[in-house]
Structure formats: structure tokens, C-alpha cells
Amino acid sequence: MKQALQELLNHEELSREEMKTILVGITHSEYPNEQITALLTALQMRGVTVDELLGFRDGILETGVPVPLDCERYIDVVGPGGDRKNTFNISTTSCFVIAGAGYKVAKHGNYAATSTSGASNVIAQHGVKFTDDIDRLNRCLQEAGIVYLHAQLFAKAMKFVGPIRKALPFPTIFNLLGPLVNPSQPSCQLLGVANLDQMRLYQQVYQRIGIDYGIVNSIDGYDEISLTGDFKVTTNNYERIYRPQDLGFDVARPEELVAGATEAEAKEIFDSVLENRALPAQKNIVLANAAFGIQVLERGEKSIEECIAIARESIDSGSALRTFKKFVELNS
């Protein structure tokens, strides 16, 4: 650790192997909190490199609980969070729409850090019990088409840095790691980021990992497709800026995306989308995000218009809602 800190003071980059060794050392309580704090601060001031991010990812996956799923191709829809927009559970709702359309989903998530309701909050509100039982997880994936992986059960390294992260007044490399440490290691991912710097960083990471990906960013700072204005999408196959009108959607107003002040209010919006009684803007936002996830699963071989139609059918037919009810039944 002392060597790594000296390298950072000399404006040098740490290698992937160095970072992995440090992360494993953190889980063995080898370093005082002051050194870990110095490391996280130095990385944040300079900006994290691809190798540094991959090294910590390697360490978290190695020290965590793996989840081997009996499925070759499935997706996670996720984001690092922190855009401070307090939107409703767009990614989580989109996952159930994708699963309702007949695709497989392994959603990785946690409790909210900066918003009213994170993925784990809204799912727990429905009486779901989180589990790390591999047999139960595989049964849920096969019978409901979707499985939920509550991050705290799997990424064991995170508990060692929790107090330090809470004490620091800024995000750290661990905020960037969330989307990359799904313990089932899906071959497909749709990621929402809050700015274009993050988009470039994750694009390089995904290319190194070798998965099918879509990364989305709303130009006005949302870490998902908000339909409040133009948004950028980059995938294995293309990079493009869209307007909501390009997809046949009206421009949404920011207040139509808000989760509300309580977990119960966020739950009500989540339920209303799946029950097809949400505000048009709320439904459209979920359709847009689900559609780009479906396009990633389809390896870019379907147009986005086709993917929107598939997502819309999932909600309109009641399939997304039935999928969610089956998921709750299997996990209560």
C-alpha cells in the first residue's frame, strides 16, 4: 500500500494487478483506514483509469460470492447512481418489462444511497426476501425469467470500506464498481451514466471484459434515458444521439420522473407502470430503457423501433406484471 501511495503521489498509474492485491488486502484488514482513505482520495482527485477499475473489480469478484446461473445469455440493467435526480426505479422496472418479454434478467442492486428508493428498497417493499442460495436463484431465473442479486450478500469486500465511504464527502472508485461486480457476470449489460466521461471509461472497460453492452446518458445529466431531452447511446455496434421524438415519444418533464419523498410513493410508481396505469411519461421512459436493453440482448440485430414494440407488448399484455407477481411469489 505504501508503494502504491508513493506512485500516486508521483502521478503514476497503478496496474491492474496492484489494485487487485490492494483490494484483497483490504478484505484481510491489512491496512489502516488512514491509508485506504488516502488511496481513495488520490484516485478520485486524479481520475480512475481502466486498469485501476478492472483491478478492484477483479478483487471484489475473487473475494465475493460467485453466482453461477444456468443460463447462457441474460442482461443486467444498472447504473452507478449518484446523479442526484431522485428518479423512480426506472432500471428495476425496465428489468421486469424485459423479463416479461421473454428474455432472461439478473438484476444486481442495493439500497438507495442518494435517492428515495434503490432497487433493493422497492423490491423489499413487496415482501421479497433476499437470498444467496444458488438453487433458489436458479429456480427463480427459470420460472420467472428474472433473478435479483442483493449486492450486500455477495460483494464481501464492500463492508470493509463502508464506514470510510460514508465519512468521505465525495464519491469514490467504489461508486463506479457497482455496475461491474454483478456476481453472476452477465454477458449483456445496459448501463446508465451521468456524464460522458463515465461513458468513455465504461466503454473501455466493457471492451476489455468482452461483453455486449449499451451505455446511455441523458445530456441534461440523468444516468438513464429520461426523455427530458436529447440522450446519447453507445453500444458494441454504434454510437448515436437521439431525441425523444426520434422514438415516437413526447418530451418528458423532470417532475414526471421523481420517485417521491417516501419508499411507499416510489413503490406506487413502480406498481403503476407494471399495471399499465402510470403517467404516459413514466411508461414511455421505462419503454425506452427496456427497449435498448432488448436491443443489446438481440446483439443489435433488431431496430430500436422493433424493440420498443416488444417492450410495449410486455406491459400492455400484462406479461410484465405477471412476471413480477411470479417473482414475488418465489421470493416471499
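Of note:
- Note on the range 164-177: residues that are under 30 Å from N331 (Cβ atoms), out of contact with any Gly (no Cβ under 7 Å at 6 or more places or on another chain) and open to solvent by 10 Å² or more (accessible area, probe 1.4 Å) amount to 3.
- Residue check for S187: surrounded by 15 or more Cβ atoms within 10 Å (Cβ to Cβ), of a type in the set (S, T, Y) and either closer than 22 Å to E305 by Cβ or in contact (Cβ under 8 Å) with a residue 60 or more places away in the chain (or both): yes
- Pairs where the first residue, in the range 45-67, is more than 14 Å from T27 (Cα to Cα) and the second is of a type in the set (K, R), C-beta under 7 Å, 6+ apart: V50/R208; D51/R16; L54/R16; L54/R208; G55/R16; G55/K20
- Single residue of the range 66-84 satisfying the filter (at pLDDT 95 or above and either closer than 18 Å to F160 by Cβ or more than 16 Å from the chain's Cα centre (by Cα) (or both)) that is most open to solvent (accessible area, probe 1.4 Å): D70
- Once the range 111-142 is narrowed to residues that are in contact with a helix residue (DSSP H, G or I) (Cβ under 6 Å, 6 or more places away or on another chain) and either among the acidic types (D, E) or buried (at least 23 other Cβ atoms within 10 Å of the Cβ) (or both), the residue that is farthest from A290 (Cα to Cα) is D132.
- Taken over the range 37-65, the criterion of being open to solvent by less than 40 Å² (accessible area, probe 1.4 Å) and under 30 Å from T228 (Cα atoms) is satisfied by G47, V48.
- A count restricted to the range 1-23 and to residues that are among the hydrophobic types (A, V, I, L, M, F, W, C), in a helix (DSSP H, G or I) and under 22 Å from L61 (Cα atoms) stands at 4.
- Condition met for H108 (more than 19 Å from K283 (Cα to Cα), open to solvent by 20 Å² or more (accessible area, probe 1.4 Å) and touching a residue at least 60 places away in the same chain (Cβ under 8 Å)): no
- Candidate set from the range 231-241 (those that are closer than 20 Å to S91 by Cβ and free of Cβ contacts under 8 Å to residues at least 40 places away in the same chain); member that is surrounded by the most Cβ atoms within 10 Å (Cβ to Cβ): F231
- Meets criteria (of a type in the set (A, V, I, L, M, F, W, C) and within 27 Å of V24 (Cβ to Cβ)) for L141: no
A quick yes/no check of all residues on (1) in contact (Cβ under 8 Å) with a residue 60 or more places away in the chain; (2) under 25 Å from P169 (Cβ atoms):
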residue: R16; (1), (2): no, no
residue: T21; (1), (2): no, no
residue: P32; (1), (2): no, yes
residue: I36; (1), (2): yes, yes
residue: L39; (1), (2): no, yes
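- One residue stands out among those in the range 99-151 that are under 14 Å from N182 (Cα atoms) and either among the acidic types (D, E) or part of a loop (DSSP other than H, G, I, E, B) (or both): the one that is modelled with the highest pLDDT, which is D132.
- Inspection of the range 219-226 finds a residue satisfying the criterion of being part of a loop (DSSP other than H, G, I, E, B), within 20 Å of A309 (Cα to Cα), open to solvent by less than 70 Å² (accessible area, probe 1.4 Å) and polar (S, T, N, Q).
- Residues that are among the aliphatic types (A, V, I, L, M) and either out of contact with any Leu (no Cβ under 8 Å at 6 or more places or on another chain) or in a loop (DSSP other than H, G, I, E, B) (or both) within the range 162-202 comprise A167, L168, V181, L190, L191, V193, A194, L196, M199, listed in sequence order.
The values are calculated or read from the model by the stated rules, or taken from the named source; none is laboratory data. Here the structure is a predicted model, which means the values were calculated and not measured. Counting neighbours? That spans all protein chains shown, and the Cβs are built from the backbone with ideal geometry, glycine included. Surface areas here come from the heavy atoms of the whole protein model, side chains and all, with no ligands, DNA or RNA. Shrake-Rupley method; radii C 1.70, N 1.55, O 1.52, S 1.80 Å.
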